[in-house]
Amino acid sequence: VVAGRWSATPSPEPDATVRAHAAAELVLARHGVVTRGVVESEGISGGFAGVYKVLAAMEDSGGPRRGYYIEGLGASQFADGATIDRLRGFEATADETTWSRGQDMPDVHVLAATDPANPYGAALPWPQPPGDGSRAGRKSGALVALVDGELTFYLERGGKTLLVYSEREDAVGLAVRRLAALVRDGHIGSVTVHTINGEPAAASRWAEQLRGAGFGASPQGLRLRAGIGSGAGRA
């Protein structure tokens with residue numbers, strides 16, 4: 001007899017229709033807007049064709065609606081009414097001095113690259129890579145920063161390579177400070193950035209943004225240690 005607590009796992013749902021309906025509802029709730037890329041990133045059995053049939057049937061019964069919600073991703077997109085209303089509340093930024101919806105401060109998020117809340121590499125393609133051509137990917141341990149919904153940077157696992165996609169200094173500054181706060185609070189391990197867009201980190205145009213957030217010089221580049229107070233990351 002093996003010690004420990006045991007419980008029976010539920011049996012797989014035998015009805016393929018029920019499984020397909022559950023998968024469609026899950027991806028809709030998780031992503032808000034369902035596109036081919038979203039379904040492929042989830043690895044759902046039957047692929048986009050199977051989910052499309054279920055969502056189309058749900059639309060006929062008053063469920064999610066097809067539409068052209070995300071530019072460049074075709075018309076085979078589905079979203080529910082609440083998501084559509086939220087999308088209508090956003091307006092394109094008119095210039096590089098304002099944020100969408102006229103906010104004084106934008107939403108700033110640093111997420112795992114694999115997080116469903118990160119649309120890049122799933123619902124949206126990764127932007128053209130900056131610098132030396134290093135490419136971002138939905139890889140374990142990598143991080144992305146989204147400022148006002150836009151991809152601002154991609155940090156590979158361990159921080160060796162930082163790809164900055166935004167040209168807005170204010171957006172990059174906000175993203176880097178959010179990253180630094182997570183490192184200091186111990187939510188993310190120590191980060192040592194060797195290169196930024198293919199250039200040595202200390203010589204990059206973005207080096208001052210990192211220094212201002214508490215990164216300090218190290219033999220490898222710019223470093224911030226985990227779980228320490230402001231400014232202590234300087235080596």
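The values are calculated or read from the model by the stated rules, or taken from the named source; none is laboratory data. Every value quoted in this text rests on a predicted model; they were computed, and no experiment measured them. Here the Cβ is made from the backbone with ideal geometry for all residues, glycine too, and neighbour counts use every protein chain on show. Note: accessible area is taken over every heavy atom of the protein model, side chains too, but ligands, DNA and RNA are not part of it. Shrake-Rupley method; radii C 1.70, N 1.55, O 1.52, S 1.80 Å.
I'm trying to understand the selection: among the residues of the range 1-28, which are part of a loop (DSSP other than H, G, I, E, B) and of a type in the set (A, V, I, L, M, F, W, C)?
VAL1, VAL2, ALA3, TRP6, ALA8
Every residue in the range 107-138 that is free of Cβ contacts under 8 Å to residues at least 60 places away in the same chain, in contact with a strand residue (DSSP E or B) (Cβ under 9 Å, 6 or more places away or on another chain) and closer than 24 Å to HIS187 by Cα, please.
The answer is ASP107, LEU111, ALA112, ALA113, ASP115, ALA117, ASN118, TYR120, ALA136, GLY137.
Are any of the residues in the range 206-219 under 14 Å from the mean Cα position of the chain (by Cα) and either within 17 Å of ASN118 (Cα to Cα) or of a type in the set (Gly, Ala, Ser) (or both)?
No: the range 206-219 contains no residue that is under 14 Å from the mean Cα position of the chain (by Cα) and either within 17 Å of ASN118 (Cα to Cα) or of a type in the set (Gly, Ala, Ser) (or both).
Kindly indicate whether LEU174 is touching a strand residue (DSSP E or B) at 6+ places or on another chain (Cβ under 9 Å), of a type outside the set (Gly, Ala, Ser), in a strand (DSSP E or B) and on the phi < 0 side of the Ramachandran plot.
Spelling it out, it is not the case that LEU174 is touching a strand residue (DSSP E or B) at 6+ places or on another chain (Cβ under 9 Å), of a type outside the set (Gly, Ala, Ser), in a strand (DSSP E or B) and on the phi < 0 side of the Ramachandran plot.
Would you check which residues across the range 178-194 are without any contact (Cβ under 8 Å) to a residue 40 or more places away in the chain and surrounded by fewer than 21 Cβ atoms within 10 Å (Cβ to Cβ) and list them?
Correct list: ALA181, HIS187, GLY189, SER190, THR192, HIS194.
Pull up the range 13-29, narrow it to residues that are over 27 Å from ARG88 (Cα atoms) and β-branched (Val, Ile, Thr), then point me to the one that is most open to solvent (accessible area, probe 1.4 Å).
THR17
I need the full set of residues from the range 22-41 which are of a type in the set (D, E, K, R) and closer than 21 Å to ILE84 by Cβ, in order please.
GLU25, ARG30, ARG36
Going by the structure shown, is GLY32 at positive phi and touching a Ser or Thr at 6+ places or on another chain (Cβ under 6 Å)?
Criteria met by GLY32.
How many residues are under 13 Å from the mean Cα position of the chain (by Cα) and in contact (Cβ under 8 Å) with a residue 40 or more places away in the chain when one looks only at the range 149-170?
Counting residues in the range 149-170 that are under 13 Å from the mean Cα position of the chain (by Cα) and in contact (Cβ under 8 Å) with a residue 40 or more places away in the chain gives 2.
Give the residues of the range 150-170 that are open to solvent by less than 50 Å² (accessible area, probe 1.4 Å), assigned to a loop (DSSP other than H, G, I, E, B) and farther than 16 Å from ALA201 by Cα, sorted by residue number.
Of everything in the range 150-170, those that are open to solvent by less than 50 Å² (accessible area, probe 1.4 Å), assigned to a loop (DSSP other than H, G, I, E, B) and farther than 16 Å from ALA201 by Cα turn out to be SER166, ARG168.
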